[in-house]
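Here is the structure we will look at, set down as structure tokens.
The values are calculated or read from the model by the stated rules, or taken from the named source; none is laboratory data. What you see is a predicted model, and the numbers here were worked out from it, not measured in a lab. All accessible areas refer to the heavy atoms of the entire protein, side chains included, with ligands and DNA or RNA removed. Shrake-Rupley method; radii C 1.70, N 1.55, O 1.52, S 1.80 Å.
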Amino acid sequence: MGLDITVLAVDWGLLERTPAGEREGLLYEAMDPDDEPGPRPEPEAGWVFPASPKVPWSGRYEFRLTLGSYKPHFWAADGWDKAREFADPALREPLDGFLRGLIWWGPDPDDEDDEDDGRLFPSDPEPSGPRRLLVRPPASVRALAAHWTRAEPLVAALRETYDAHASHPAGWIPDFDAFDALVRQWAEVVAETARREWGLLGLTA
């Protein structure tokens, strides 16, 4: 068994106004709605709004061809880590900013300034519910959207460089096409979350 990830967009104001002791249950419910007993069909790729009828101020994004696993996201981050030094500097800076806010550990993975303790709000106690892989309040989501706006026109030109330096035919992200497809799904996540002026969570049980 490996690490999974569930990506949620949430109305940050409503989440903050929810008593801290009730948030964990709502997040679990949005991750995996329990209102229907028995087996459920696999969700279609893309956004599910609301994530649960019990949490109408949330949406859940289902990534295509990942089976809910975090592994493809790790492989994409590793691919960028290998390709970035050969990439056009005009792409490197905005794509760094975009991926570092989502799945990439940055050029210095030991930089403690990037560590996140998983608290949704500064006054919260240390979380005990779903593990937070990603916590991005609305202002951070807007910044990610701005990074992608700058990066997107230049990403296609990365193909030759990526395939030369980061291809891994046996991996979850074997080539540029797979990398590009996953990154553009993250762009869908960020764009819709920013449009709603919501926050973004990446959670694992």
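Largest GNM mean-square fluctuation among Ala170, Ala146, Ala90, using the chain with Cα springs under 10 Å: Ala170. Given a 1.4 Å probe and the protein chains as shown, Ser52 ends up with an accessible area of around 0 Å². Rounded to the nearest 500, the helix-only mean residue ellipticity at 222 nm of the chain stands at -13500 deg cm²/dmol, with each DSSP H run of n ≥ 4 adding -39,500 (n - 2.57).
In the assembled protein chains, Lys71 presents an accessible area of approximately 100 Å² (probe radius 1.4 Å).
Springs join every pair of Cα atoms under 10 Å in this Gaussian network model of the chain, and among Gly79, Gly101, Gly171 the largest mean-square fluctuation is at Gly171. Taking all protein chains together and rolling a 1.4 Å probe, Glu44 ends up with roughly 150 Å² accessible. Taking every Cα-Cα distance in the range 138-185 and sorting them into 5 Å bins from zero, the calculated P(r) comes out as 5, 20, 24, 20, 14, 11, 5, 1 percent. Just checking the listed ones, Leu65, Leu120, Leu91: in the Gaussian network model of the chain with Cα springs under 10 Å, the one fluctuating most is Leu65. Over the C-alpha atoms of the range 41-87, the Rg to Rh ratio, Rh being the Kirkwood estimate, stands at 1.18. The Rg/Rh ratio of the chain, with both radii computed over alpha carbons and Rh defined as the Kirkwood radius, is 0.97.
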